[in-house]
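Inspection log for the structure reproduced underneath, given as structure tokens.
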Amino acid sequence: MRRRLGHKRRYCKATQYPKPRSSVRKTGTVLYCKPMNTETFSVRLDRSAKVRLQKLAKSTGRSRAFLAAEAIVAYLDTNEWQVAGISKALSSLDRGKGIAHARVSDWVASWETRKERPAPKRV
């Protein structure tokens, strides 16, 4: 059961405590409140992706919104890391810290030969 409390965006979930057992007759209800620091926006999905999301939500007991938010955060983590690495490498090249293409090509061509060369070092 969820309730919206007051004018603040707080959603609360009522939980039975202790969980009912055959040996425990008295149970109480504890109300856990957590502030919602989220934003809402719409995403267009093709029908097959939506069906897959619905099936995953049902099998995991999570909401579609929760799974979509987790997927977006994972995507952002990966791609922000990758873009930062590329930017760092490009700025390094702009400062003249790089390896000439010919040296890298010679090194790669030596792979799996009897005279494999060590990796070239920056100039």
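Calculate one ³J(HN,Hα) per residue across the stretch 109-121 by plugging θ = phi - 60° into the Karplus curve 6.51 cos²θ - 1.76 cosθ + 1.60, and present them in order as whole Hz with x for glycine and proline.
Once θ is set to phi - 60°, the couplings for the stretch 109-121 become 5, 7, 4, 6, 10, 5, 10, 5, 8, x, 4, x, 9 Hz.
Between the alpha-carbon centers of the stretch 49-76 and the stretch 92-114, tell me the distance in whole angstrom.
Result: 43 Å between the Cα centres.
I need the phi-derived Karplus couplings for the stretch 91-99: 6.51 cos²θ - 1.76 cosθ + 1.60, θ = phi - 60°, integer Hz, Gly and Pro marked x.
For the stretch 91-99, the Karplus curve yields 5, 5, 5, 4, 7, x, 9, x, 10 Hz.
Among the chymotrypsin sites (Phe, Trp or Tyr not before Pro) in the stretch 40-123, which ones are in a DSSP loop with at most 11 other Cβ atoms within 10 Å of the Cβ? Mind listing them? Please list the in-between numbers first.
Values: sites: PHE41, PHE66, TYR75, TRP81, TRP107, TRP111; in loops: PHE41, TRP111.
Answer in residue order: PHE41, TRP111.
Net charge near SER87: determine it from the other residues with C-beta under 11 Å of the C-beta of SER87, scoring Lys and Arg +1 and Asp and Glu -1.
Values: positive: LYS88; negative: GLU80, ASP94.
Value of the local net charge: -1.
Every number in this text was worked out from the coordinates using simple rules, so none of it is lab data. This is a predicted model, so every value here is computed, not measured. Using ideal geometry, Cβ is built from the backbone for each residue, glycine included, and neighbour counts are taken over all protein chains shown.
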